[in-house]
Amino acid sequence: MNDPTILRMLAFAHPAWMLVGIGTAIAAARHGLEIRRRRLAGRPPGRALRDRHLRLGKRAIVMIGIGFVAGPISMLLLRDRAAFDSFHGVLGVIGLGLFAWTGWSGRSLAGGNHEARDIHRIAAASSVATAMLSAVAGFILLP
């Protein structure tokens, strides 16, 4: 396990995973915006679009959660640094909280609480923005 090439490749697992997770979150957000556009135009969004949005949103939250756990492990085992000893780590904690808030408000909205729409929209936009900022802040940590 001390082969430098393998360790260097493993150090890219967390960033690659998170890029896919952020991409999934952006895809879910696009579907959410389409639902909103249709609703504001007085057209029903359709069950298929809502189901796609929910499926991608749930997948994104799970991926972000797994990536959040993998980040500190990567810092400790592959980079010999403290788990949250970076701006990237602080943004990761904030981002995880925002993604959890997005999921919680989305669950409430899916359950019929239409008052959660604004909260869900704000939480989703904030979580994606924070994740993208965290990705940029993580560049300095790459091997």
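Dipole orientation for region 1-42: of the candidates V20, I6, L33, L33 has the Cα lying most toward the positive pole (charges on Cβ; Lys, Arg +1; Asp, Glu -1). Label-to-label distance, I26 versus A83, with points set 7 angstrom from Cα along the beta-carbon direction: 2.9 nm. Remark: the chain carries 62 Å² of accessible area per residue (probe radius 1.4 Å; ligands, DNA and RNA excluded). Taking only the alpha-carbon positions of region 75-132 and ignoring solvent, what does the Debye formula give for the base-10 log of I(q)/I(0) at q = 0.15, 0.28, 0.30 Å⁻¹? For region 75-132 at q = 0.15, 0.28, 0.30 Å⁻¹, log10 I(q)/I(0) is -0.51, -1.00, -1.07. Against the compact-protein benchmark of 2.2 N^0.38 Å, the Cα-based radius of gyration of region 12-104 scales to 1.30. Converting phi to 3J(HN,Hα) with the Karplus coefficients 6.51, -1.76 and 1.60 and the offset θ = phi - 60°, region 21-26 yields x, 5, x, 5, 5, 5 Hz in sequence order, with x at every glycine or proline. Under the criterion of Cα pairs below 8 Å and six or more residues apart, the relative contact order for the chain equals 26 percent. Across the accessible surface of region 42-143, with the other protein chains kept in place and a 1.4 Å probe, carbon and sulfur atoms take up 68 percent.
The values are calculated or read from the model by the stated rules, or taken from the named source; none is laboratory data. Not measured: the values here are computed from a predicted model. Every residue, glycine as well, gets a Cβ built from its backbone with ideal geometry; the counts of neighbours run over all protein chains shown. Side chains included, ligands, DNA and RNA excluded: accessible areas come from the protein's heavy atoms. Shrake-Rupley method; radii C 1.70, N 1.55, O 1.52, S 1.80 Å.
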